[in-house]
Structures are given as structure tokens and as C-alpha cells.
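Coordinate-derived values only; no laboratory data. Keep in mind it's a predicted model, so treat the numbers as computed, not measured. Reconstructed Cβ throughout: ideal geometry from the backbone, glycine too, with neighbour counts over all protein chains shown.
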Amino acid sequence: MFSYLTKRLHLLCLGLLWSTSSANADVQIIYLTPDSKLETEAKQAIVDSDVNLLLVELSKQHFPFKNKLTVRYGGNEGPLYDPQEHTMLMPYSFYNEALQYFKQNQYEEKFGRSAQLGAIDTILHTLLHEAGHAYIEDQSIPILGKEEDAVDNFAAVIMLEYVEDGDNAAISAADMFAFESQDRPEYYQADEYIGEHSFDLQRYFSTLCLIFGSDPQKHNELLNEIDKDLLEERKENCISQYQTISHNWHIYLKNKDNTYF
């Protein structure tokens, strides 16, 4: 099974001691008992990936919490961050849903990235998204605009700058937004226009924009879905946008010069 430790993260601190209930960790991981075979398989895939160890180490290095953050897997709620409990909720079903999206869209056949890896990429992005909410709450960070957009940006910046192969993982996470948008009707309900989140297709293009802006030469063809008349202008905007967003988040991130690759 794919491991973020062995294939993606080069730990700076090889002596890191971590467990799911360490009293000294900034982030505590709790697994509820799975309710089904599918949930058991999802739990095992998440454990085997070491995505939680990656989250713990990224937090230690770049966004340490004043108050211990709990990540709880299982149950029916989420993915979400509960500010009252300072707890992130991640149902096992979210992994299984992501896995099905990547399988149905023949991700490995089309893009050479397995459905299992795409699902873990999505878990990583979602964990960082919810950790962004938690960090904003924990550090009392002022947010001008939609917080959901801000933490999407937080997740992208962390993945692009501090996770090896994070750009490809972020592309998988963006593709998940595109897959979800395919299940939408051609119109939105009135209450969705006043919702907290941007529409899935907006989140897809916004994430791609940041990935392109982080390395325009490497990702020169990433935005080719955009109309040619608008493409060059949008590429310039994405470069500027990434620089601004990265700079602004790094005002609040720690050890910004430490990378893992």
C-alpha cells in the first residue's frame, strides 16, 4: 500500500515519536471502530498511507497549535472542523466515496495515478483544509473574505511547498472537485448561492490556478481547458495570485524555509 512516509515525505526529524493518543503531540488522531467491512478497509488504507503522520509532522514544522487538535475518524459527520471541540471529523465513508469517484473516472488508465492514491491525495487535501480552519481558530487569524476559500488556499500552499510530489497530489484533489461537480444538476438551488463554499467547479479551477502559479514552466499545459482568448491573461493572474496567497499565509506559518524535498 502507498505510504506517504516512504514515497512522499522526507522527514527532517527521523526520531519523531508519535502515536494516536500521544499526550505531547500537537495533533491527536483517534479512530472510532468501523461499522462495516468497507469502513474497515477505508481505515486500513488511511493507516497504511501514513497520511496522519504527515499531517502531524507538517503541523509541528509549519502550523503548530496552541491547543491540542483532535482528528477523529469514523461516524457519520464530516468532513468538518468543530470549533467548540477543536476537533476535525473525518468519516471513513469519505475515503470510500473518493475511491469510487477515481475508479469510475478511470483515473489510473487516463492519468497513471491509481484510484487508491487519488483517494489518499483527497484525504490529505481535506485534512489540511480542515486543519486550516482549526489553525485560524487556534491562532485568531483574521480572514477577509470567505474562510472556505482561504483554507482551500492553505491546503494548496502546504502541499505545494512542503510535501514532495505535492503538486500531483493537489491535482488529484482538484480533480475530485471536478468529479463531484459532474454529479450536480445544470442549475443550483437558491440557497447554494449563499453557501459557505464556492461551487465545486470553482474550487477545481482555483486549485489548478495555484498549482500552475507555483511552477508555470512545469505546469504549462495545466490550464488548457480555459478558452484560448483568456488563457494567457489567466496564466499571468495565477502566477500573481499564487505569490500573493503564499506570501500572506507565510505571515502566519512557522519555519517557512524548511522544506521536505
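Things worth noting here:
- The protection proxy used here, the mean number of other Cβ atoms lying within 10 Å of each residue, ranks peptides 38-50, 127-139 as follows, highest first: 127-139, 38-50.
- Across Lys60/Lys218; Lys66/Lys254; Lys103/Lys235; Lys110/Lys235, pairs whose alpha-carbon gap is larger than 20 Å: Lys60/Lys218; Lys103/Lys235; Lys110/Lys235
- A full extension of the chain between Phe199 and Gln139 corresponds to an added length of 18.9 nm, given 0.36 nm per residue minus the alpha carbon distance.
- Where the Cα pairs of segment 71-172 fall when distances are cut into 10 Å bins, in %: 15, 41, 34, 9, 1
- Peptide ranges 26-32, 95-101, 229-235 listed from the most packed, as the mean C-beta count within 10 angstrom indicates: 95-101, 26-32, 229-235
- Extending 7 Å from the Cα toward the beta-carbon at both Glu97 and Leu230 defines two label points whose distance is 2.8 nm.
- Taking the Cα centre of segment 19-121 as origin and assigning +1 to Lys and Arg Cβ atoms and -1 to Asp and Glu Cβ atoms, the resulting dipole is close to 160 debye.
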